[in-house]
Amino acid sequence: MRVNFLSSVFLKGLEKSVGDAEEVGLLFKRHERKLHMYVVYCQNKPMSEFIVSEHIDSYFEDLRQRLGHKLTLCDLLIKPVQRIMKYQLLLKDIQKYTERIGREGEVRSIAHAVSVMHIVPKEANDMMNVGRLQGFDGKITAQGKLLLFGPLVCSEGSVPLNSKPKELQVFFFEQNIIFSEAVGKKTQFSNPVYIYKAHIQVNKMSLVEKGDEEDPLKFLLRSTDPRKPSLSFLCSAPSQDGKDEWIRNLQLILQTQKDFLKAIQSPIKYQKNRLTHPN
């Protein structure tokens, strides 16, 4: 990580902003892009966990004793992850008190900082999970933005009888939806890994919102790729809110794909429609 930025620039900026909530918010706004270093750190964390677990009782323990450190390397490596959550909590406290005294400039400034430090931890957590995905043949960095990630109870095929439902960890990228299975348990040195099971290309996918008349939480994802005519997953979300979030994001990306196809096929007509119906 760019420790020099945190200690020499960001920390000094915070110290100068003591007593000035608006300046605190502006500091986070100015350094929004650099704060994404936490996302990169978390993206590499699965690899660091593996390296540490291999040498924790030998090389790293000898080094700790030689340097006279009380904390283990595992304790040190988790600190940046813990810190990104504390930013948000502290900023929310500042936001609460600035709202009470009604200083509009400070409220707007801190609200932006809260938004920044809500997005950064989420993206950092997403990247840690992406880093634990194993067995996917494609280039993970070419899959676009990770739009949604979480557990869904899935059965292969369009009806539950085709296969026994199983909880899968589903990565919804702009280019592909990747289905994986969690293997292993969380320990002091490591977390579960996600073993690739299958994927459906987003531009070759159809969505059936009501996958099962008897279960309102189910929806069906089906591949329209002629090379994979039988590839489909009947998915069940853990709650209605969870299903709504999946459906909303799926509909949005599918509509974007349709609009993109229309723009390619008839660019002039597409632009005219955009001007006539901007929404």
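Largest first and in whole Å, the equivalent-ellipsoid semi-axes of region 212-270 read 28, 17, 7, each the square root of five times a Cα gyration tensor eigenvalue. The separation of region 18-79 from region 138-159, counted between C-alpha centres, amounts to 29 Å.
Any chance you could tell me what percent of the C-alpha pair distances in region 187-242 go past 16 Å?
Numbers: 867 of 1540 pairs.
For region 187-242, the fraction of Cα-Cα distances above 16 Å is 56 percent.
If the segment from Met47 to Glu61 were pulled out straight at 0.36 nm per residue, it would be longer than the present Cα-Cα gap by 3.2 nm.
Counting only the Cα atoms, region 12-81 fills a convex hull of 111 Å³ per residue. Extension gain for Gln251 to Glu167 (0.36 nm times residue separation, less C-alpha to C-alpha distance): 28.0 nm. Loop-resident chymotrypsin sites (Phe, Trp or Tyr not before Pro) (DSSP state other than H, G, I, E or B) in region 20-65 with no more than 13 further Cβ atoms inside 10 Å of their Cβ are absent.
Computed over neighbours whose Cβ is under 14 Å from that of Ser206, the net charge equals +3, Lys and Arg +1, Asp and Glu -1.
Near Leu26: Cβ cut-off under 15 Å, other residues only, Lys/Arg at +1 and Asp/Glu at -1. The net charge is +1.
Compared with the dominant Cα axis of the chain, that is its longest principal axis, helix 21-30 is turned about 60°.
Taking each DSSP H run with n ≥ 4 as -39500 (n - 2.57) and averaging over every residue of the chain yields -16500 deg cm²/dmol at 222 nm.
With Cα atoms as the point set, the radius of gyration and Dmax of region 120-251 evaluate to 14.5, 45 Å.
The alpha carbons of the chain stretch over 61, 57, 37 Å along the principal axes, in descending order.
Laboratory data are not the source of any read-out in this text; all were calculated from the coordinates shown. Keep in mind it's a predicted model, so treat the numbers as computed, not measured. All Cβ positions, even for glycine, are placed from backbone atoms using ideal geometry, and neighbour counts span all protein chains on display.
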